[in-house]
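Asker: Below: one structure in C-alpha cells.
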There are 2 protein chains.
Amino acid sequence: MTPAVAAFTTITQAGESGGRDQMATVTGRNGVDVDRLVATVGAVQSDPNVAQFTFRARSSWETGGRNRGTLQEFEHAGATSTERPVPFELVGDEPPVLLGTNAGPNAVELCLQALAFCYGVGFIYNAAAKGIEIEELRYEVEGDLDLHRFLGLGGSRAGFSAIRATGWVRSPNATQEQLEELCQYVQDTSPVRDILANAVPVSTDLVVLD
Amino acid sequence: MTPAVAAFTTITQAGESGGRDQMATVTGRNGVDVDRLVATVGAVQSDPNVAQFTFRARSSWETGGRNRGTLQEFEHAGATSTERPVPFELVGDEPPVLLGTNAGPNAVELCLQALAFCYGVGFIYNAAAKGIEIEELRYEVEGDLDLHRFLGLGGSRAGFSAIRATGWVRSPNATQEQLEELCQYVQDTSPVRDILANAVPVSTDLVVLD
C-alpha cells in the first residue's frame with residue numbers, strides 16, 4: 001500500500017464530514033467506489049501534495065517502425081508507487097502503408113485512444129459522484145493528419161489538424177440535459193483533452209551511447 | 001493492398017529519379033524498406049492527397065475506470081484502409097490510488113507512450129534515409145500532473161504541466177553531432193510531439209441513447 005492509499009484510507013476511516021456526507025453513503029455506482037472518490041477529494045483538500053503525480057512510459061526499439069513500450073511505476077506525492085508489480089507492455093508499429101508490419105497501433109492512434117479512455121473515466125467517475133447511473137458509454141475519436149511534414153516536405157504542422165470525439169451514453173436515471181452538462185464538465189476537467197487542446201512544454205534530451 | 005500501397009508500388013517500379021536515386025539503392029537499413037520510404041515521399045510529391053490520413057480509436061466502457069479500446073481502420077487518401085483485418089485491442093484502467101483495478105495503463109500514460117513510440121519511429125526512419133545505422137534506441141518519457149482540476153478543486157490545468165523525454169541511442173557509423181542533429185529534426189517533424197506541444201482543435205459531441 002502506497003502512502004497515498006494509506007492517506008485516503010485513513011480519511012475514509014475517519015469519516016469525512018460536510019457536504020460530502022450524502023455522496024459518501026453511496027458506494028459502488030457504475031463500479032466506482034464513491035466513498036473512496038470522496039475521500040480522495042478530501043485528502044487532496046487536506047494536503048495539495050496528494051494531487052501531484054509524475055507518470056512515465058518507456059520504449060525500446062525493436063526493428064523498423066516497431067517499438068515495445070512498458071508502463072509501470074509512477075511518482076505520487078513524492079514517492080514511487082509500487083501498485084504495479086508487473087509492467088504493462090504495449091507494442092507500437094505502423095501499418096504497411098506507413099512502412100510497418102502492423103504489429104500494433106501507431107503513435108498518433110494512441111493519442112486518440114487516450115482521449116477516449118480519459119473521457120470514459122471522467123464521465124463514469126463524475127456520474128457516480130452525481131448519482132447518475134450509466135448503462136452504456138462508448139466513444140469514437142478521429143484525428144486528421146497530413147504526412148507532409150513528417151516526410152520532410154513542409155506543411156503547416158506534423159500532428160493532427162483537428163480531433164473529433166463522439167460519445168454515446170445511456171442512463172436510466174438522468175435527463176438529456178444532465179448528461180449534456182456532464183459531458184461539458186468532463187471536457188473542462190479532462191487531463192487528456194487539456195493535453196491535446198492546449199500546449200504542453202515538451203523537453204527532449206538525447207544520450208549518445210558508446 | 002490499398003490504393004495507396006498500389007500507388008507507392010507503382011512509383012517504385014517506375015524507378016524514381018532525381019536526387020533520391022542514391023537512397024533508393026539502399027534497402028533494409030534499421031529494418032526500414034528505404035526504397036519504399038523514398039517511393040512514399042515521391043508519391044506524396046506527385047499527389048498531395050496521398051499524405052492525408054484520418055485515424056480513429058474507439059472505446060467501450062466496462063466498469064469503473066476500465067474501458068476497452070479498439071483500433072482498426074483508418075482513412076487514407078479518401079478511402080478506408082483494409083490493411084488490418086483484426087482490430088488491436090487495448091484495455092485502459094486506473095491504478096488503485098486512482099480508484100481503478102490496474103487492468104491497464106491509464107489515459108495520460110498512453111500520451112507519454114505515444115510520444116516515445118513516435119520519436120522511435122521518426123528517429124529510425126530518418127536515420128535509415130540518411131544512411132545512419134542504429135543498434136539501440138530507447139526512450140523514457142515523463143509527465144507531471146496535478147489532479148486538482150480533474151477532482152473539481154480548481155487548479156490551472158487538468159493535464160500535464162510539463163513533459164520530459166530522454167532518448168538513448170547507439171550507432172556504429174554516426175557521430176554524436178549527427179545524432180544530435182537527427183534528434184532535433186525528429187522533434188521538428190514528430191506528429192505526436194506537435195500534438196502535445198501545440199494546441200489541437202478538439203470537438204466533442206454526445207449522443208444520448210434511449
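The values are calculated or read from the model by the stated rules, or taken from the named source; none is laboratory data. Source: prediction; values computed, not measured. Because the Cβ atoms are built from the backbone with ideal geometry, glycine has one as well, and the counts that use them run over all protein chains shown. Just the protein is used for accessible areas: all its heavy atoms, side chains included, with ligands, DNA and RNA removed. Shrake-Rupley method; radii C 1.70, N 1.55, O 1.52, S 1.80 Å.
Asker: Failed condition for B:A199, given (1) touching a residue at least 12 places away in the same chain (Cβ under 8 Å); (2) surrounded by fewer than 23 Cβ atoms within 10 Å (Cβ to Cβ); (3) over 18 Å from B:L110 (Cβ atoms), with all others met?
Answerer: Condition not satisfied by B:A199: (1).
Asker: Of the residues A:V38, A:V5, which is at pLDDT below 95, crowded, with 17+ Cβ neighbours inside 10 Å and in contact with a Lys or Arg (Cβ under 8 Å, 6 or more places away or on another chain)?
Answerer: Of A:V38, A:V5, the one residue that is at pLDDT below 95, crowded, with 17+ Cβ neighbours inside 10 Å and in contact with a Lys or Arg (Cβ under 8 Å, 6 or more places away or on another chain) is A:V38.
Asker: Could I ask something else about it? State the number of residues belonging to segment B:43-83 that are open to solvent by less than 40 Å² (accessible area, probe 1.4 Å) and in contact (Cβ under 8 Å) with a residue 60 or more places away in the chain.
Answerer: Result for segment B:43-83: 5.
Asker: Between a first residue in segment B:139-160 that is within 25 Å of A:T70 (Cβ to Cβ) and a second residue that is of a type in the set (A, V, I, L, M) and surrounded by fewer than 20 Cβ atoms within 10 Å (Cβ to Cβ), which pairs have beta carbons less than 6 Å apart while being 6 or more apart in sequence or on different chains?
Answerer: What qualifies is B:D144/B:A162.
Asker: Output the residue which, of all residues in segment A:84-103 that are at the interface with chain B (Cβ under 8 Å from one of its Cβ atoms) and open to solvent by 30 Å² or more (accessible area, probe 1.4 Å), is nearest to B:E75 (Cα to Cα).
Answerer: Here the answer is A:P96.
Asker: Of all residues in segment B:36-83, count the ones that are closer than 21 Å to A:Y139 by Cα, at the interface with chain A (Cβ under 8 Å from one of its Cβ atoms) and assigned to a loop (DSSP other than H, G, I, E, B).
Answerer: Number of matching residues: 4.
Asker: Right, next: Is segment B:110-122 home to any residue that is among the polar types (S, T, N, Q) and either surrounded by fewer than 22 Cβ atoms within 10 Å (Cβ to Cβ) or under 23 Å from B:V38 (Cβ atoms) (or both)?
Answerer: Within segment B:110-122, none of the residues are among the polar types (S, T, N, Q) and either surrounded by fewer than 22 Cβ atoms within 10 Å (Cβ to Cβ) or under 23 Å from B:V38 (Cβ atoms) (or both).
Asker: If you go through segment B:146-165 one residue at a time, how many are facing another protein chain (nearest Cβ under 7 Å), open to solvent by 40 Å² or more (accessible area, probe 1.4 Å) and assigned to a strand (DSSP E or B)? Can you show your working first?
Answerer: From segment B:146-165, those facing another protein chain (nearest Cβ under 7 Å) are B:146-153, B:157-160, B:162-165; that's our starting set.
If we keep only those that are open to solvent by 40 Å² or more (accessible area, probe 1.4 Å) too, we end up with B:146, B:149, B:152-153, B:157, B:164.
Subsequent filtering for residues that are assigned to a strand (DSSP E or B) retains B:146, B:164.
Residues in segment B:146-165 being facing another protein chain (nearest Cβ under 7 Å), open to solvent by 40 Å² or more (accessible area, probe 1.4 Å) and assigned to a strand (DSSP E or B): 2 in total.
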